[in-house]
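Notes follow the structure.
FYI, it's all coordinate maths here, none of it is from the lab. These numbers were taken from a predicted model, which means no experiment stands behind them. Note: ideal-geometry Cβ built from the backbone for every residue, glycine included; neighbour counts use all protein chains shown.
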Amino acid sequence: MTTEDSEALGWRSVADLVGDHPDARVALIGAGVNERSLTPGRCDLGPKALRAVLPRFSTYDVETGRELATRVHDAGDVAVKALAPAEAFAPVRDAVAAQAGRALTVLVGGNNAVTRPGAHGLGLAKGLEGVGLLTLDAHFDLRDTDRGLTNGNPVRALLEDGLAGERISQVGLSPFANTRRAHETAMAAGIAVRTARECRERGLAAVVAEELERLSGLVEAIYVDFDIDVIDRSQWPASPGARPGGVSVHDFFDATRAVGAHPKVKAVDLTEYDPSLEVGDLGSLTAGRWFCELLAGFEER
């Protein structure tokens, strides 16, 4: 055995798949939008923390016997430092649109304000007409926009931009983390509302699969927002909005793999990861595993 072949001091990691690969089918973009977060924090540190943890993950899945092989083009970070969501809109939208030729674009935030420009980037050629939105989120994100854009109103802003409510699915919504007004707004708009309890009782992956199937009959491309505060706070402390009673991290990973496998999912984001709230390295390892599950699902297409 040569020194290069030995696993004595290391292994082939997921980080080895990520780099300057212009012809790769998957792209990674960092978008550390942090301004106007309703709860101040450091979500801008998310992209750096995710990239830094990838060497700790091997490419081999012992449960399936499969080895990840998909190369990922790292398109770098969008220059959004200190930009409010309104100012960051065009740079993030254009960064996603620039990867339109790939099968999947992965946008790592940053707060949830990146979801609106991400969805617009996916549908830049035709507007939002052919785009569907699936959110895995404890919150509706339907706060009013009269005081400007924040991480609490990207879905409201997309409705106002013309995204039809029937082409939106919101999964994992938590009790006592939303308002009656937001719920009524969602129902009046025709948004599919799936609660955290339903996800626990029926299985998050099963609910997500149902909504992906529903959306795929209506749209050409699906954008998925993984607001990671949908996970139970005992398993995910690294988001200010995570609450006790959220979905389990195991179910989150299963749902992520289902999303990655769906052929109409063209872009996803990971939002509300705040490394400053880390307990040990639980946050970065969870985000890293999410990335692995997404790639594993993608390889099932």
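Tally time: how many residues in the range 61-77 are without any contact (Cβ under 8 Å) to a residue 40 or more places away in the chain and not hydrophobic (A, V, I, L, M, F, W, C)? So that I can check it myself, show each step before the final result.
Here is the first cut: in the range 61-77, the ones without any contact (Cβ under 8 Å) to a residue 40 or more places away in the chain are 62-63, 65, 67.
If we keep only those that are not hydrophobic (A, V, I, L, M, F, W, C) as well, we get 63, 65, 67.
Summing the residues that are without any contact (Cβ under 8 Å) to a residue 40 or more places away in the chain and not hydrophobic (A, V, I, L, M, F, W, C) in the range 61-77 gives 3.
Scan the range 92-113 residue by residue and report those that are aliphatic (A, V, I, L, M) and under 10 Å from the mean Cα position of the chain (by Cα).
The answer is V106, L107, V108.
When you scan the range 216-229, do you find a residue that is of a type in the set (G, A, S), under 28 Å from G121 (Cα atoms) and touching a residue at least 40 places away in the same chain (Cβ under 8 Å), even just one?
Just the residues of the range 216-229 that are of a type in the set (G, A, S), to begin with: 216-217, 221.
Still in the running and under 28 Å from G121 (Cα atoms): 216-217, 221.
Among the residues that remain, those that are also touching a residue at least 40 places away in the same chain (Cβ under 8 Å) are: 216, 221.
Yes - at least one qualifying residue is present in the range 216-229.
Check A88, A95 and return the single one that is buried (at least 20 other Cβ atoms within 10 Å of the Cβ) and more than 19 Å from H21 (Cβ to Cβ).
From the options A88, A95, the qualifying one is A88.
Do we find that V108 is in contact (Cβ under 8 Å) with a residue 12 or more places away in the chain, touching a helix residue (DSSP H, G or I) at 6+ places or on another chain (Cβ under 7 Å), among the hydrophobic types (A, V, I, L, M, F, W, C) and not in a strand (DSSP E or B) in this structure? Walk me through how you get there before you give the answer.
Numbers: in contact (Cβ under 8 Å) with a residue 12 or more places away in the chain: yes; touching a helix residue (DSSP H, G or I) at 6+ places or on another chain (Cβ under 7 Å): yes; among the hydrophobic types (A, V, I, L, M, F, W, C): yes; not in a strand (DSSP E or B): no.
Spelling it out, it is not the case that V108 is in contact (Cβ under 8 Å) with a residue 12 or more places away in the chain, touching a helix residue (DSSP H, G or I) at 6+ places or on another chain (Cβ under 7 Å), among the hydrophobic types (A, V, I, L, M, F, W, C) and not in a strand (DSSP E or B).
Taking the range 46-61 as the search range and keeping residues that are of a type in the set (G, A, S) and under 21 Å from T271 (Cα atoms), which one is surrounded by the most Cβ atoms within 10 Å (Cβ to Cβ)?
By that ranking, first place goes to G46.
Consider the range 121-138. How many of its residues are crowded, with 24+ Cβ neighbours inside 10 Å and either more than 15 Å from D269 (Cβ to Cβ) or of a type outside the set (G, A, S) (or both)?
The number of residues fulfilling the criteria is 8.
Of all residues in the range 158-175, how many are part of a helix (DSSP H, G or I) and either touching a residue at least 24 places away in the same chain (Cβ under 8 Å) or of a type outside the set (D, E) (or both)?
So the answer is 6.
Can you tell me which residue is nearest to the chain's Cα centre (by Cα) among those in the range 133-157 that are part of a loop (DSSP other than H, G, I, E, B) and of a type in the set (K, R)?
In this case the residue turns out to be R143.
Of all strands (runs of 3 or more DSSP E) completely enclosed by the range 186-301, which ones contain at least 2 residues that are surrounded by 21 or more Cβ atoms within 10 Å (Cβ to Cβ) and under 14 Å from the mean Cα position of the chain (by Cα)?
221-227, 265-271
Output the qualifying pairs, or none if there are none: Cβ atoms under 9 angstrom, residues six or more apart or on different chains, first residue in the range 253-274 and over 17 Å from Q170 (Cα atoms), second residue of a type in the set (S, T, N, Q) and assigned to a strand (DSSP E or B).
K266/T105
From the list R301, R257, R243, exactly one residue is under 17 Å from Y60 (Cβ atoms) and of a type outside the set (S, T, Y). Which is it?
When all the criteria are applied, what remains is R257.
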